[in-house]
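A.B. asks: The following block contains the structure, expressed as C-alpha cells.
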Amino acid sequence: MGGNAGRNRSHNRRVVLNFVRANDPSGRAEIARSCQLSIQAVSNITEVLEEDGLLLAVGQKTGMRGKPATQYTLNPEGAFSIGIEVRPDALICAVLNLKGDCVYSESQAFANTDPDKTIPAITKTVDIAIKSCNRKRNQLLGAGIVMPGPFGVSGLSALGRANLPNWDGIDIQTAFEKALGCPVIIENDATAAAIAERVTGVATTIDTFCFVYFGTGLGLGVIADGHALRGVFGNFGEIGHIITQNGGNQCACGNRGCLETYASRMSVKTHLEKIGIELLDEFALVQLLNDGNPDLLDWIETAAQHLSQAISILENIFDPETIILGGAMPDAVMDTLIANLELPKGSLANRNDRTFARVLRGSSGRFTAVIGGAAMIVHKTTTPSMALFS
C-alpha cells in the first residue's frame, strides 16, 4: 500500500502503477481507496505519470452518480526495458514494453566474450534494438544483464565452456551502466530464467518452484514464496556441479561426475562430436531426434538418469510445488528428456494431492533468461514491493 506520510514519491508512483496494471482501467477514487492514498496525492501522481507517458487517460466511467470519473490505463508504449544475455557462444537481446510484452528479440553468435569485446558489442546491440523498435532513448527504463555464474573468484571461476573467462575483478554493474548510460541490474542466468517463467510462463500461478536452466551448462533458479533465492555472492544454483556419478566424467572444474557433463547442451554437443556429428544449431538436434538417431537417444537416456537424481535432491531440499526444465534446449528434446525421467518414489514430492506434475517444461523457450532480465527492470519500475527481486 501507499502512504501519505513517511513514503517517498517514487514508492507511491510504483504503488499507483502497480494497481493500474492489475486493475486496468482505474479511476482516481478507486486508486486512492485501494492504495490508501489521498485523492489529492493520487491526482498529483496520475498527472505526473500521464505527463511522463506511463499512464493514459482512456475515457470516463459512466452509469454512476455525479461527474463521470476519468479512467487510467497503463501505456505499454510509454517506456521499455532491455534484456541482454551473455552466453559463452552468443549474445541475446529482448525488448519488453511497459506491460511486459516482448516486442523485439534477437540472437547472434558471439565467440569472444572477453569484457573488452563484449561491452562494446552489447552497446551496439542495444542501439540496434532501440532503433529497430522505433523507441526513444529517454524511454529506456534500464537494462537487465544476464550472465552465467559464478560471480567473483571461486573454485568454479573461468573453467570450461559454460563459463565466461576474464570477468573476475570487474565491477560488472558499474561497467555496463557507464557504457549504456542507464540503470542496470546484473543477474545469474538461471535466476533470471526462473523469474521469466514466474512472470510470463508456466509458473504464473506457482509461488515455490525450482527452475533447471539449460544454457551452455546447467543452472538452477529457485523461487520460494515468491522470492528469488540468490546466495551471498549471487551464485545460488550451481547445480551443474553437483556430482551424480562418483569417478564419472571429467569436469573442467576439477571434479569428476558433475551433472552438467551428462545433462546440458554442452554435454550433448560433446557426446555427438566424439562420434563425428557436429551440431550446427538447435534445428540439427531436433532433426536427429526426429530421425531416431541412436547416439542422441543414448545421450537422452543417460542424461535423464542423472537429471532424475538431481530432481530428487531438489524435491527433498526445497519441497517445491514443481520442478521446471527450460532454457535453450529445444522443446522436443526437453519433452523427450522429461518422458525418460525415472523419478524416485522416495521423495517429498511423491504425493497424491499434487496440483502440478512433479516436472514441467518451461514455456518461455530459448529467450527465457533474457526476458527475465528485461522483466526485472519493468517490475522495478511498476512494483512497490518486489518479492521476486528482494
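A.B. asks: Can you tell me how many residues within the stretch 305-339 are small (Gly, Ala, Ser), touching a residue at least 40 places away in the same chain (Cβ under 8 Å), in a helix (DSSP H, G or I) and buried (at least 21 other Cβ atoms within 10 Å of the Cβ)?
C.D. replies: Taking the stretch 305-339 first, the residues small (Gly, Ala, Ser) are 308, 310, 312, 326-328, 332, 339.
Next, from what is left, pick out any that are touching a residue at least 40 places away in the same chain (Cβ under 8 Å): 310, 326-328, 332.
From what is left, the residues that are in a helix (DSSP H, G or I) are 310, 332.
Within this subset, residues satisfying the condition of being buried (at least 21 other Cβ atoms within 10 Å of the Cβ) are 310.
Total satisfying the criteria: 1.
A.B. asks: Scan the stretch 262-301 for residues that are out of contact with any His (no Cβ under 9 Å at 6 or more places or on another chain) and in a helix (DSSP H, G or I) and report the count.
C.D. replies: So the count comes out to 22.
A.B. asks: Do we have residue 277 as among the aliphatic types (A, V, I, L, M) and open to solvent by 20 Å² or more (accessible area, probe 1.4 Å) here? Working first, answer last.
C.D. replies: On the way: among the aliphatic types (A, V, I, L, M): yes; open to solvent by 20 Å² or more (accessible area, probe 1.4 Å): yes.
The answer is yes for residue 277.
A.B. asks: Scan the stretch 353-368 for residues that are part of a helix (DSSP H, G or I) and either open to solvent by 10 Å² or more (accessible area, probe 1.4 Å) or at pLDDT 90 or above (or both) and jot them down.
C.D. replies: Of everything in the stretch 353-368, those that are part of a helix (DSSP H, G or I) and either open to solvent by 10 Å² or more (accessible area, probe 1.4 Å) or at pLDDT 90 or above (or both) turn out to be 365, 366, 367.
A.B. asks: Does the stretch 97-114 hold any residues that are closer than 17 Å to residue 146 by Cβ and at pLDDT below 85, and which are they?
C.D. replies: Of everything in the stretch 97-114, just one residue is closer than 17 Å to residue 146 by Cβ and at pLDDT below 85, namely 113.
A.B. asks: Moving to a separate point now. Restricting attention to the stretch 203-249, which residues are within 12 Å of residue 326 (Cβ to Cβ) and either assigned to a helix (DSSP H, G or I) or at pLDDT 90 or above (or both)?
C.D. replies: Listed by number, the residues that qualify are 203, 209, 210, 211, 212, 213, 214, 218, 219, 220, 221.
Okay, residues lined up against (1) at pLDDT 90 or above; (2) farther than 30 Å from residue 128 by Cβ:
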position	(1), (2)
5	no, yes
45	yes, yes
55	yes, no
95	yes, no
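A.B. asks: Please work out which residue is farthest from residue 326 (Cα to Cα), limiting yourself to the stretch 181-202 and to residues that are open to solvent by 10 Å² or more (accessible area, probe 1.4 Å) and of a type in the set (Gly, Ala, Ser).
C.D. replies: This residue is 181.
The values are calculated or read from the model by the stated rules, or taken from the named source; none is laboratory data. Every value quoted in this text rests on a predicted model; they were computed, and no experiment measured them. Neighbour counts run over all protein chains shown; Cβ positions are idealised from the backbone, glycine included. We work out accessible area using only protein heavy atoms, side chains counted, and drop any ligands, DNA or RNA first. Shrake-Rupley method; radii C 1.70, N 1.55, O 1.52, S 1.80 Å.
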